[in-house]
2 protein chains.
Amino acid sequence: MADTKKDFQPDWYEEAPKPGSYRSIFKWGDPLGFKHPNLRLYRMMKSVFNLTDEDFKKPEKEGHEQVAVDRPSEMSSERIDAIVEIVGEENVQTDDFSRVRYSNGQTAEEAIRLRNGINGPLSDLVVHPRNKEEVGKIVAYCNKEQIPIYIYGGGSSVNLGFQPVRAGITLVMQTHMNKIIRLNEVNQTVTVQPGMLGPAYEASLNDAPKLFNAKRAYTGGHFPQSFEYSSVGGWVVTLGSGQQSSYYGDAYDIVISQEYITPVGEFVTLDYPATATGPKVNDLMKGSEGTLGILVELTMKIFRYQPENRFNFAFIFPDWDAAVDASRRVCQGEFGMPSVFRISDPEETEVGLKLYGVEGTILDKIIQLRGYKPMQRCLCIGHTEGERRFSRHVKKKIKQICKQAGGMYITGYPVNNWKHGRFRDPYLREDLQDFGITTDTLETSVTWENLHQVHQGVREYVKSRPGTICMTHASHFYPQGTNLYFIFIAKFRDINEYKSFQEGILDKIQEFGGSLSHHHGVGKMIGPRMESHIGKTQMDLLRAVKKHLDPNNIMNPGGQLGFDDSKQ
Amino acid sequence: MADTKKDFQPDWYEEAPKPGSYRSIFKWGDPLGFKHPNLRLYRMMKSVFNLTDEDFKKPEKEGHEQVAVDRPSEMSSERIDAIVEIVGEENVQTDDFSRVRYSNGQTAEEAIRLRNGINGPLSDLVVHPRNKEEVGKIVAYCNKEQIPIYIYGGGSSVNLGFQPVRAGITLVMQTHMNKIIRLNEVNQTVTVQPGMLGPAYEASLNDAPKLFNAKRAYTGGHFPQSFEYSSVGGWVVTLGSGQQSSYYGDAYDIVISQEYITPVGEFVTLDYPATATGPKVNDLMKGSEGTLGILVELTMKIFRYQPENRFNFAFIFPDWDAAVDASRRVCQGEFGMPSVFRISDPEETEVGLKLYGVEGTILDKIIQLRGYKPMQRCLCIGHTEGERRFSRHVKKKIKQICKQAGGMYITGYPVNNWKHGRFRDPYLREDLQDFGITTDTLETSVTWENLHQVHQGVREYVKSRPGTICMTHASHFYPQGTNLYFIFIAKFRDINEYKSFQEGILDKIQEFGGSLSHHHGVGKMIGPRMESHIGKTQMDLLRAVKKHLDPNNIMNPGGQLGFDDSKQ
C-alpha cells in the first residue's frame, strides 16, 4: 500500500464529453460521472495484458469528433409533416446528432464503432410523443404507410434492442411520457408512463407521503445496474431484473398490468393479482421488446420503503462449490429470501476483495490465516430486508447455513462498499477503452443442477484465450436456480475478433444448457439464436402472435427476438 | 344442544351408488364417502326454505337408474380401429356408461340433468392413452380426420370444461398417465404425468425418502377443495389455486415447465426459474384448458414437507370491513405470508361457527360477551408454515395486526375442525339435492380497492331472491388483492331458473369489476363472457394463437374460453 503514491497512473479522461461528439453518445450515464480503475486494477491490467505504463500514456479513439452523418434521412417531407402534425414540430428531430444518439445503445460493439466514427443503422426521424393518444396516431399512420417504429426508453440496451436496422421512426419515451399517473395505496400499486427513468421513479415512491399524500413511503424494488439509464417500461418489455430481485422479484413479477398500442388495436390487460381466465395476454407481452406493440402505461407493484430494516452480511467460502451449495440451501430454506445476494467465483473474488476494501485490512489477514486460499475462496455479500424481525431472522438463517457450509462471516462491511459503487461500474468502461481494453458482460439463467457445467464450460472457453480476465457471479436467486453473470476484460485486434469471441461464449452457454439471457433480454444480437433455443414449434407460435398483432412488420423489425432476419 | 336427539333427521342416503347408475357418475368423490348436513344446518334449511320434516321424508330423483344412451356413437368403425391400433383394444370404450361418465363434470347443472336421466353432450369414443407417444399419434390422426378431442383429467370441472359438445374422442389421462417421472432434489422440482391425482401426487412427495431415495420429504403445496378428484395437469391448464396458495402460490406459480402435443407440433418449454428470452410460451399455455394442445408432462416446484411447523390461528372480527382491512395489512406487511388464510363474511361466519365446533362452547360465550354480534362478526381462520421460526413469526405478526383491527384471538381450535372437513364439503351436495335443494359456488378475483363493491353487488342480487343463502369468503391472498368465493344454497323450480340465477350472479360480478374466475377456470360455461371481459383486441389475439396451434379446431372445440360459439 505504501508505494501507491509513487506509481504512475494514467491520466484518465475526466471532462464532460463535448456537446455533439461521439463520446457524448457512447459514454455511460452522467456526462460528469466517472469511475476510474484504482491502482490495483490498473496494475492487474498491465500484468494480464502485458502492458507497460507507456501503453497508458496516449489514449486512442476517444470519440471527441462531432457526429456527422453521410446518409440523409430517407423520410419524405410529406411523412415528416404528417408526424409533425401529430406531435408538434418541437418534438421531431432529423439532425445528425439526434439520429445517431437515439439509434445506439450500450453494447461494447456500438461503443467501438462510434469511437471509429461509424454510425451504424440510423433512424430517419426521432420523435418524442407527448402522450399515448399521440402514440396511437403515430402507430396508425406508420402501419398504413409501412414505416418501421423503434422505441427508445432509457437507452441502456446491451443487445441492439432498439437498433433501427430498417430505419424509419424512433420514438423516445423518456422525454415526455415519464410521469406517475396514479399511486394506489390500497392496492399497493402505481400506474406509470413507460419512459420514467429509475431514479425519478424511485424518488417519487420514496417521497409518496409528500407527493401523493400517502400514508407511507414506498419503493419500486427494482434496481438493475442500469438503474439510472433505464426506464420502467424498458424493465418490463426486456424482462429485466434488479439487484434486489431475490426479494422483490424480477420486472416480470412486479408488473401487474400493461396498456399497449398495436397496429391492430389497443388494450389494457387485467389488473387482478391472479385470475383463472385463460392464457394471460399480460404475460405474453412481457419481454416483447417492442415487437408486438408499444407499451404506453403500466401498473406496477410497490413495496414499503424501510431501509432501516436492512441487515448486511458478507462471507468468505473455501471454494465455489461451498458458496453455491450454501446459496441453494438459503433459497430452499423457506424462511424468506434475502434481497441482495451475490456470490463471486474465485477470479471475481480476488477483484472483489480489492474493490470492496477488504484487501490489506485485518479482516484480510484473518481470512488468510484461516486458510481461505486466493483463487479458490469465494466472496458472498448481501443484505436482507422487509419487516424488521423477518429481515433479522433471514440474516440469522443465512449466517447459520453459510457457516455450516464452511463460510466465514466477515461482517457487513464489504457490502457498504459494494452499495456505494453498485450503479457505477459501467463508468469504468470508457477509461479502459480509451486504451484499447474492452470490458463486456454476458449472462445466463441456470438451474442448480446445471450451474457448474455452464460455469466451467464458459470459463474454459474464455480462459483458453490468452490474456483474458473472466469474472463470474450469481446475483439473482430462486429456489430452483440462479443466474450466472460473466464479466470479461480483454484486448481485441478489431471488432470482428471481439464479436467472434462473444459469439463463442454464447455457443458455450447454449452447449452447456444455460438460457440465452437471464435479464439482458434478446434484442437483435441474440435474436438469431432464439429458434435453436426454444425450438421451431414455439418460435413459429411466437411468430404467429407477431404476425397477428403486427401484420406489416413495422414494430422493431429486423431480427429482434429472432422474428425475422437481420441482414443489415 | 339437549334436544338434538329427539329431532327428526332425514334418512340421508349412505350407500355406494349402484354400479352403472347415474348416481355413480354425479356423486362427488369416493363412492363410500359422505358428509351429511348436521342438525343445525338441517334446521337452517327448513327455516330458510320454509320446509318441514315432511319435505325430507321422500327423496327425489336420486339417480339410481342405470345409464342408458339413445344416441349411438357416431364414430365409424374405421376410425375406432385406427385408435385401437394406437392404444390397444382394452383402452378404448364405446359403452353407454363410459360415454356418459367421461362426458360429465361437476357442475350443479350436470348433476340436475343426470338426476333427470338426461345425458347431455356425449363423447363418441373414450380413450385411455398409455403414454405421450400414443397421445401424439392420436392428435396427428384426429387432426387429419378433423375429429374433436376433449381431455378428462380428474373430472372435477365446474364450468363444463371438458364437455364434448362436438362429440369426438375423450382422452382420459388419469388411467395410465399418472406417474412421477423424476424427482429432482437439487432443483427441488418433480416431473410428472398430467393425469396423476392430488392424493397420489402428494403422498409420493411426502414419501420421497423411501420412494426416490431423497434426503427429505416434500410437498406439492397445492390443495384445492377438489384435491382428491383433480389432476396435476388439470391444476395447470385451468389455473387452479390450492387452499394454501397464499404461501405456496397458485398452480400458475408452481409450474416450472410443460410439454405439449399440439396439432402443429410438440414442444417442451424452458425450465429455468427465470429468463429474459422474450414472451414465454410456458405462460401462454397455462390456463389453455385443452384448447391449444395436450399437456403430456410437466415439471412442478416442490417444497419441504414440514407439517410440524404449522401454527394455527383463528380470530373473530367485529365486522367484514375490519376483517378485510386486517387481511390486507397482513398481505402487505412483508414478514412472509400465511399458508391457509380465510375470512368469512357475516352470513358464512354464522354457519362456520356451527361447522367448526365453536357454537355452544365457552369460546362462543366469550365471543358474545365481548360484543361480537351475529350477522356482523366475521371469522378468520388459518395457519402458517415454512421454516419453524419464520412460521412462528408470521403467526405472531398476524395476531398483532388482527388485534389492532379489533379482532379477538379464539385459539387455533376451529382450524382443526376446518382441516378435518376441508375436502369434504362437496359431499354435502348430494344429500341436499336428494331433497331438491341446490348448492353451488361462483368465485372471482378482486383488488383490495374493489372488493367491497363486488361483495355488496353480488350479495344484493342473491339476497333479493327470497329464501336464498349466500355465504362468502376470501381465501387466496396477495399483496394486491384476494378472491371472493360465493356459496349459494337455494331451491329452484327447474334447471332454467337455476341457470338464469347463475348468469345473474356472473352479470353482477362483471358489473362490479370482479374477474370472471379466480381459480375455477372458464370452460364453456363462462366462455361466452370472455370477449366482454378482456376486450376484442385481446380476444382476437388469443384466437390467433388458437388458430395457429389448432388450425382445424379439434382441441376442445365448442365454446371453451370463448374461442368459438357454444350453441348447445
I'm trying to understand the selection: among the residues of the range A:67-84, which are of a type in the set (Lys, Arg) and farther than 12 Å from residue A:168 by Cβ?
A:71
Filter result (at positive phi, more than 11 Å from chain B (Cβ to nearest Cβ) and touching a helix residue (DSSP H, G or I) at 6+ places or on another chain (Cβ under 6 Å)) within the range A:551-565
A:559
Restricting to the range B:218-248, name every residue that is farther than 22 Å from residue B:386 by Cβ and either crowded, with 24+ Cβ neighbours inside 10 Å or of a type outside the set (D, E, K, R) (or both).
B:225, B:226, B:229, B:230, B:231, B:232, B:233, B:234, B:236, B:237, B:238, B:239
Scanning the range B:260-284 residue by residue, those in contact (Cβ under 8 Å) with a residue 40 or more places away in the chain and within 16 Å of residue A:537 (Cα to Cα) turn out to be B:261, B:262, B:263, B:264, B:266, B:284
Which one of A:533, A:548 is over 19 Å from residue A:139 (Cβ atoms) and either outside any helix (DSSP H, G or I) or facing chain B (nearest Cβ under 10 Å) (or both)?
A:533
If I ask for residues that are hydroxyl-bearing (Ser, Thr, Tyr) and either more than 17 Å from the chain's Cα centre (by Cα) or crowded, with 24+ Cβ neighbours inside 10 Å (or both), which ones from the range B:249-264 would you list?
B:257, B:260, B:262
Within the range B:551-568, which residues are part of a loop (DSSP other than H, G, I, E, B) and either crowded, with 20+ Cβ neighbours inside 10 Å or in contact with a Phe, Trp or Tyr (Cβ under 6 Å, 6 or more places away or on another chain) (or both)?
B:554, B:556, B:557, B:558, B:559, B:563, B:566
Restricting attention to the range A:302-310, does a residue exist that is surrounded by 21 or more Cβ atoms within 10 Å (Cβ to Cβ), more than 10 Å from chain B (Cβ to nearest Cβ) and touching a strand residue (DSSP E or B) at 6+ places or on another chain (Cβ under 9 Å)?
no
Return the residues of the range A:77-116 that are closer than 21 Å to residue A:146 by Cα and free of Cβ contacts under 8 Å to residues at least 12 places away in the same chain; say none if nothing qualifies.
A:77, A:78, A:81, A:84, A:85
What number goes with the only condition from (1) β-branched (Val, Ile, Thr); (2) within 23 Å of residue B:49 (Cβ to Cβ); (3) crowded, with 22+ Cβ neighbours inside 10 Å that residue B:340 does not pass?
(2)
Please specify each residue of the range A:72-92 satisfying the condition of being closer than 10 Å to residue A:125 by Cβ, surrounded by 18 or more Cβ atoms within 10 Å (Cβ to Cβ) and β-branched (Val, Ile, Thr).
A:80, A:83, A:92
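With the condition being outside the structural domain of residue B:139 (by TED's automatic domain parsing) and under 25 Å from residue A:333 (Cβ atoms), I'd like the strands (runs of 3 or more DSSP E) fully within the range B:235-354 carrying at least 1 qualifying residues.
Because the criterion is at least 1 residues that are outside the structural domain of residue B:139 (by TED's automatic domain parsing) and under 25 Å from residue A:333 (Cβ atoms), the strands (runs of 3 or more DSSP E) in the range B:235-354 that meet it are B:255-262, B:294-301, B:311-317, B:340-344.
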Could you check, for the range B:532-552, whether at least one of its residues is under 23 Å from the mean Cα position of the chain (by Cα) and in contact (Cβ under 8 Å) with a residue 40 or more places away in the chain?
no
Does residue A:364 qualify as being closer than 30 Å to residue A:115 by Cβ and away from chain B (no Cβ under 14 Å)?
no
Inspect the range A:384-391 for any residue being under 30 Å from residue B:248 (Cβ atoms), of a type in the set (S, T, N, Q) and not in a strand (DSSP E or B) and give the result as yes or no.
yes
Could you list, in sequence order, all residues of the range A:205-234 that are within 28 Å of residue A:332 (Cα to Cα) and within 17 Å of the chain's Cα centre (by Cα)?
A:220, A:221, A:222, A:223, A:224, A:225
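Do any strands (runs of 3 or more DSSP E) lying entirely in the range A:71-174 carry at least 2 residues that are outside the structural domain of residue A:555 (by TED's automatic domain parsing) and within 21 Å of the chain's Cα centre (by Cα), and which ones are they?
Of the strands (runs of 3 or more DSSP E) lying wholly inside the range A:71-174, those with at least 2 residues that are outside the structural domain of residue A:555 (by TED's automatic domain parsing) and within 21 Å of the chain's Cα centre (by Cα) span A:149-152, A:169-172.
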Given the structure, is residue A:254 aliphatic (A, V, I, L, M), within 13 Å of chain B (Cβ to nearest Cβ) and in contact with a strand residue (DSSP E or B) (Cβ under 9 Å, 6 or more places away or on another chain)?
yes
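Please verify whether residue A:371 is at pLDDT below 95, more than 23 Å from the chain's Cα centre (by Cα) and farther than 24 Å from residue A:498 by Cβ, treating the condition exactly as stated.
yes
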Residues satisfying the stated conditions in the range B:481-505, i.e. under 18 Å from the mean Cα position of the chain (by Cα) and either closer than 19 Å to residue B:558 by Cβ or aromatic (Phe, Trp, Tyr) (or both)
B:485, B:486, B:488
For residue A:349, indicate whether it is away from chain B (no Cβ under 14 Å) and within 25 Å of residue B:273 (Cβ to Cβ).
yes
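Residue by residue, here is whether (1) closer than 29 Å to residue B:230 by Cβ; (2) acidic (Asp, Glu) holds:
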{"site": "B:355", "(1), (2)": "yes, no"}
{"site": "B:363", "(1), (2)": "no, no"}
{"site": "B:370", "(1), (2)": "no, no"}
{"site": "B:374", "(1), (2)": "no, no"}
{"site": "B:384", "(1), (2)": "yes, no"}
{"site": "B:393", "(1), (2)": "no, no"}
{"site": "B:401", "(1), (2)": "no, no"}
{"site": "B:433", "(1), (2)": "yes, no"}
{"site": "B:443", "(1), (2)": "yes, yes"}
Matching residues in the range B:1-29 - criterion: being within 18 Å of residue B:108 (Cα to Cα), of a type in the set (D, E, K, R) and assigned to a loop (DSSP other than H, G, I, E, B)
B:27
Residues of the range A:208-234 being part of a strand (DSSP E or B) and either more than 11 Å from chain B (Cβ to nearest Cβ) or among the aliphatic types (A, V, I, L, M) (or both), in sequence order, are A:231
Just checking, how many residues over the range B:380-399 are surrounded by fewer than 24 Cβ atoms within 10 Å (Cβ to Cβ) and within 10 Å of another protein chain (Cβ to nearest Cβ)?
8
Pair list, Cβ under 6 Å, 6 or more apart: the range A:24-51 residue outside the structural domain of residue A:360 (by TED's automatic domain parsing), other residue part of a loop (DSSP other than H, G, I, E, B) and among the small types (Gly, Ala, Ser)
A:31/A:16; A:32/A:16; A:48/A:467; A:49/A:467
Please go through the range A:355-369 and give me each residue that is buried (at least 19 other Cβ atoms within 10 Å of the Cβ) and not in a helix (DSSP H, G or I), ordered by number.
A:356, A:358
For residue A:200, work out the one condition from (1) free of Cβ contacts under 8 Å to residues at least 40 places away in the same chain; (2) under 20 Å from residue A:526 (Cα atoms) it doesn't fulfil.
(2)
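The values are calculated or read from the model by the stated rules, or taken from the named source; none is laboratory data. Because the structure is a prediction, the values reported are computed rather than measured. Cβ coordinates were reconstructed from backbone atoms using ideal geometry, including for glycine residues, and neighbour counts include every protein chain displayed.
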